[in-house]
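For reference, the structure discussed in these notes is given below.
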Amino acid sequence: MMIRRIMSALALFGLLIPAVARAETVDFSYSFSISPTQTFASGTGSVTFSLFGGGAITANVGDTTALQAASIFTTSSATDTPDVFSSPYVITMSIKDNTSGQSRDFSFDGMLDGSLTATGSKVSAIFTGPLTVTQTLGSYLYSVSVEPETANLPMPGSLADALLNANVKIMGIPVVVVDPPGPGTTVSETPEPTGLVLGLLGGPILYLARRRYRSGK
């Protein structure tokens, strides 16, 4: 009888887990922008950031969503005297949590540095600040990371553009629990739904096991 009850509880657990997993998704929309301009000029040359269009994403909590932020291409007709670049810029990913309606900007400082001719490129796009920015949106923490830290730009006319990527990870907001008897505090993350289900089922299963043990004595 006890085994039958335990098996029934486990079957219920198996039915609950898929439903809980499906509930742990977050809808957000995003877009990219750059300042002060998308095209930087020097002499006969230019460096252009072609931003990828935004969109709407449904992401699983805890997973990382990889997105392309921009491709970069160059032009130049310089020969003996190269075009020199030393230009700061800021790339911003704007995210809206569609459930709460809250929006935040995730900004990353960068620098164009190097020289360019019609037949070669020594220009790099370098992120000069933190590569990861984390902010609260609605009931979740959104963490955005950019890569690569340094992108070597292609020569003019090359078919291989340099790419900048943004990785978005969504996490539950940690809950601060204060223990009254002690002087300190402890921080624990909000339990995952699967952990809550295990906790709910653990009590009845342990109770049945104890009843079986006592009846056999």
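Results, tabulated for the structure shown:
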| quantity | calculated |
| --- | --- |
| Wholly enclosed strands (runs of 3 or more DSSP E) of the stretch 1-74 bearing at least 3 residues surrounded by 13 or more Cβ atoms within 10 Å (Cβ to Cβ) and either in contact with a Phe, Trp or Tyr (Cβ under 8 Å, 6 or more places away or on another chain) or at pLDDT below 95 (or both) | 25-35, 45-51 |
| Filtered residues of the stretch 149-166 (kept if surrounded by fewer than 16 Cβ atoms within 10 Å (Cβ to Cβ) and closer than 22 Å to ASP105 by Cβ) | GLU149, LEU163, ASN165 |
| Residues located in the stretch 75-84, provided they are buried (at least 16 other Cβ atoms within 10 Å of the Cβ) and in a loop (DSSP other than H, G, I, E, B) | SER76, ALA78, PRO82 |
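The values are calculated or read from the model by the stated rules, or taken from the named source; none is laboratory data. Please read all numbers here as calculations on a predicted model, not as lab measurements. Virtual Cβ from ideal backbone geometry, glycine too; neighbours counted across all protein chains shown.
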